[in-house]
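*Asks:* Dropping a structure here in structure tokens format, bear with me for questions.
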Amino acid sequence: RDFSTVRTIDAVTAKLDYLKSLGINAIELMPIQEFDGNDSWGYNPCYYFAADKAYGTTEDYKRFIDECHKRDIAVIIDVVYNHSTGASPLAKIYWGPDNKTAVNNPYFNVDAKHPFNVFHDINHQNAFMQEVVKRSLVYLIEEYNVDGFRFDLSKGFTQSTSGWDGQDQARINLILDYNKAIKAADPDSYVILEHWGQYSEESQYVRNGMHPWKKLNSQYITAAEGNGSSDLSGAYSWLDATYGASGWVTFMESHDEERAFFKAKQYGNGDLKTDDEERIARVPLNMAFL
């Protein structure tokens, strides 16, 4: 949405040669499955088998992915299966009071099973909802030829209120099953998880070829600002016998955090705050660390 002033997928396609020149070999789109309204980051999905009309047509999306592949750029789609909005037909069909789904709705929980929910919490232990998720993932692979997925809030795929803080075997089994469906459709697909879980749980995903997120935003911001020491050991503090630290995706910034060099312009140490050239010179430093 914010990549260009015209806010279309065609505008991104037109810039692919520029992106390629930067050395980029993968693009992750924030959610493009149909969401409420036309002005959104996409984390309010209502239909899982349509690409949102706000950015272009189905053919526009397919052309973008084809053009990325011509340049050896992978396309990863951010997918949101933790929740849906009330516009979802599966929410509407059993609707209750207080702007919530009804108690007898088999597809949604009236109240979320974890503390970070928005909209309506999906019951992932419902067999039909599992089928919806798997079919829509395979559809994106087969119809659009996407190269992988980043699962938003995968830790929320729990029906146990204690599952948020602890290891949830039902959630593990579920995510392994989703991964199996993806790899059956395309063995080379990337599967990235926003999980924030325990090592005992996340390591099981890593051993099955998935990649949980490892956030180091505050540490990279400290390095950009030049304010004190910055401990980046979290990038390799969790190791797996097969995948090593590469089983986890370490990142400097995401849509949920502030940009490191915006913070440096506000709070940088000495010349880093006031001198554009000094501040920009730290960008390759942080990139080398990353």
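The values are calculated or read from the model by the stated rules, or taken from the named source; none is laboratory data. What you see is a predicted model, and the numbers here were worked out from it, not measured in a lab. A quick note on method: Cβ atoms are made from the backbone with ideal geometry, for glycine too, and the neighbour counts reach across all protein chains shown. The protein model used for the area step is the full one, side chains on, heavy atoms only, and it has no ligands, DNA or RNA in it. Shrake-Rupley method; radii C 1.70, N 1.55, O 1.52, S 1.80 Å.
*Asks:* Among the candidates Y205, Y243, Y236, which residue alone is of a type in the set (F, W, Y) and at pLDDT 95 or above? Lay out the reasoning, then the answer.
*Replies:* On the way: Y243 fails: at pLDDT 95 or above; Y236 fails: at pLDDT 95 or above.
It is Y205.
*Asks:* Which members of the stretch 264-282 meet the condition of being modelled with pLDDT of 90 or more and either outside any helix (DSSP H, G or I) or open to solvent by less than 50 Å² (accessible area, probe 1.4 Å) (or both)?
*Replies:* First, the residues of the stretch 264-282 that are modelled with pLDDT of 90 or more: 264-281.
Passing the criteria: A264, G268, N269, G270, L272, D275, R279, A281.
*Asks:* Next up: Any residue at all in the stretch 216-225 that's within 19 Å of the chain's Cα centre (by Cα) and among the aromatic types (F, W, Y)?
*Replies:* no
*Asks:* Right, here's the next one. Being among the basic types (K, R), under 27 Å from G86 (Cα atoms) and not in a helix (DSSP H, G or I), is that true of even one residue in the stretch 146-155? Spell out the reasoning first.
*Replies:* Of all residues in the stretch 146-155, those among the basic types (K, R) come to 150, 155.
Filter again for under 27 Å from G86 (Cα atoms), leaving 150, 155.
With not in a helix (DSSP H, G or I) added as a condition, the list becomes 150.
The answer is yes, given that some residue of the stretch 146-155 is among the basic types (K, R), under 27 Å from G86 (Cα atoms) and not in a helix (DSSP H, G or I).
*Asks:* Mind listing whichever residues of the stretch 57-85 are of a type outside the set (S, T, Y) and open to solvent by 20 Å² or more (accessible area, probe 1.4 Å)? Write out each step before concluding.
*Replies:* The first filter runs over the stretch 57-85 and keeps only residues of a type outside the set (S, T, Y), leaving 59-60, 62-80, 82-83.
Of everything in the stretch 57-85, those that are of a type outside the set (S, T, Y) and open to solvent by 20 Å² or more (accessible area, probe 1.4 Å) turn out to be E59, D60, K62, R63, D66, E67, H69, K70, R71, D72.
*Asks:* Separate question: Can you tell me which condition P212 does not meet? The list is (1) closer than 28 Å to Y144 by Cβ; (2) assigned to a loop (DSSP other than H, G, I, E, B), and all the others hold.
*Replies:* Just one mismatch for P212, condition (2).
*Asks:* For the stretch 159-176, check the following and say yes or no: at least one residue is of a type in the set (A, V, I, L, M, F, W, C) and either in contact with a strand residue (DSSP E or B) (Cβ under 6 Å, 6 or more places away or on another chain) or under 30 Å from F262 (Cβ atoms) (or both).
*Replies:* At the first step, the residues of the stretch 159-176 found to be of a type in the set (A, V, I, L, M, F, W, C) are 164, 170, 172, 174-176.
Filter once more, keeping what is either in contact with a strand residue (DSSP E or B) (Cβ under 6 Å, 6 or more places away or on another chain) or under 30 Å from F262 (Cβ atoms) (or both): none.
For the stretch 159-176, residues of a type in the set (A, V, I, L, M, F, W, C) and either in contact with a strand residue (DSSP E or B) (Cβ under 6 Å, 6 or more places away or on another chain) or under 30 Å from F262 (Cβ atoms) (or both): absent.
*Asks:* Now for a separate question. Only one of Y144, Y139 is out of contact with any Gly (no Cβ under 9 Å at 6 or more places or on another chain), under 22 Å from V75 (Cα atoms), modelled with pLDDT of 95 or more and open to solvent by less than 40 Å² (accessible area, probe 1.4 Å); which? Let's see the steps before the verdict.
*Replies:* On the way: Y139 fails: open to solvent by less than 40 Å² (accessible area, probe 1.4 Å).
So the residue among Y144, Y139 that is out of contact with any Gly (no Cβ under 9 Å at 6 or more places or on another chain), under 22 Å from V75 (Cα atoms), modelled with pLDDT of 95 or more and open to solvent by less than 40 Å² (accessible area, probe 1.4 Å) is Y144.
*Asks:* Among the numbered conditions (1) under 19 Å from I122 (Cβ atoms); (2) modelled with pLDDT of 95 or more, tell me where D17 comes up short.
*Replies:* Unmet condition: (1).
*Asks:* Hey, any hits in the stretch 89-104 for a residue that's small (G, A, S) and touching a Gly at 6+ places or on another chain (Cβ under 7 Å)?
*Replies:* Of all residues in the stretch 89-104, those small (G, A, S) come to 91, 96, 102.
This time we only want the ones that are touching a Gly at 6+ places or on another chain (Cβ under 7 Å), so: 102.
Yes, the stretch 89-104 contains a residue that is small (G, A, S) and touching a Gly at 6+ places or on another chain (Cβ under 7 Å).
*Asks:* D177 - would you say it is without any contact (Cβ under 8 Å) to a residue 12 or more places away in the chain and either outside any loop (DSSP other than H, G, I, E, B) or over 18 Å from F289 (Cα atoms) (or both)? Please lay out each step first, then the result.
*Replies:* Values: without any contact (Cβ under 8 Å) to a residue 12 or more places away in the chain: no; either outside any loop (DSSP other than H, G, I, E, B) or over 18 Å from F289 (Cα atoms) (or both): yes.
Answer is no for this residue.
*Asks:* Continuing with this model, one more query. Scan the stretch 68-116 for residues that are under 23 Å from T158 (Cβ atoms), β-branched (V, I, T) and more than 19 Å from the chain's Cα centre (by Cα) and jot them down.
*Replies:* Of everything in the stretch 68-116, those that are under 23 Å from T158 (Cβ atoms), β-branched (V, I, T) and more than 19 Å from the chain's Cα centre (by Cα) turn out to be T101, V103, V110.
*Asks:* Continuing with the same structure: Search the stretch 158-194 for residues being charged (D, E, K, R) and open to solvent by 60 Å² or more (accessible area, probe 1.4 Å), and hand back the single one that is modelled with the lowest pLDDT. Spell out the reasoning first.
*Replies:* Kept after step one, since they are charged (D, E, K, R), are these residues of the stretch 158-194: 165, 168, 171, 177, 180, 183, 186, 188, 194.
Now narrow it down to the ones that are open to solvent by 60 Å² or more (accessible area, probe 1.4 Å): 165, 180, 188.
Details: D165: 88, K180: 98, D188: 97.
Among residues in the stretch 158-194 that are charged (D, E, K, R) and open to solvent by 60 Å² or more (accessible area, probe 1.4 Å), the one modelled with the lowest pLDDT is D165.
*Asks:* Ok, one more. Considering (1) more than 30 Å from F119 (Cα to Cα); (2) within 19 Å of the chain's Cα centre (by Cα), say which one L29 fails and leave the rest.
*Replies:* Exception for L29: condition (1).
*Asks:* Could you list, in sequence order, the residues of the stretch 163-204 that are more than 15 Å from the chain's Cα centre (by Cα) and among the charged types (D, E, K, R)?
*Replies:* D165, D168, R171, D177, K180, K183, D186, D188, E201, E202
*Asks:* Looking at Q167 and the list (1) over 21 Å from D121 (Cβ atoms); (2) in contact (Cβ under 8 Å) with a residue 24 or more places away in the chain; (3) in a loop (DSSP other than H, G, I, E, B), which single condition is not satisfied?
*Replies:* Going through the list (1) over 21 Å from D121 (Cβ atoms); (2) in contact (Cβ under 8 Å) with a residue 24 or more places away in the chain; (3) in a loop (DSSP other than H, G, I, E, B), Q167 breaks only (1).
*Asks:* Just name the residue that is modelled with the highest pLDDT out of those in the stretch 105-136 that are surrounded by 17 or more Cβ atoms within 10 Å (Cβ to Cβ) and basic (K, R).
*Replies:* This residue is K134.
*Asks:* Filter the stretch 26-40 for residues that are loosely packed, with under 15 Cβ neighbours inside 10 Å and in a loop (DSSP other than H, G, I, E, B) and give the result. Before you say what the answer is, go through the steps one by one.
*Replies:* Going residue by residue through the stretch 26-40, those that are loosely packed, with under 15 Cβ neighbours inside 10 Å are 26, 37-39.
If the condition is that a residue be loosely packed, with under 15 Cβ neighbours inside 10 Å and in a loop (DSSP other than H, G, I, E, B), then G37, N38, D39 are the ones that fit.
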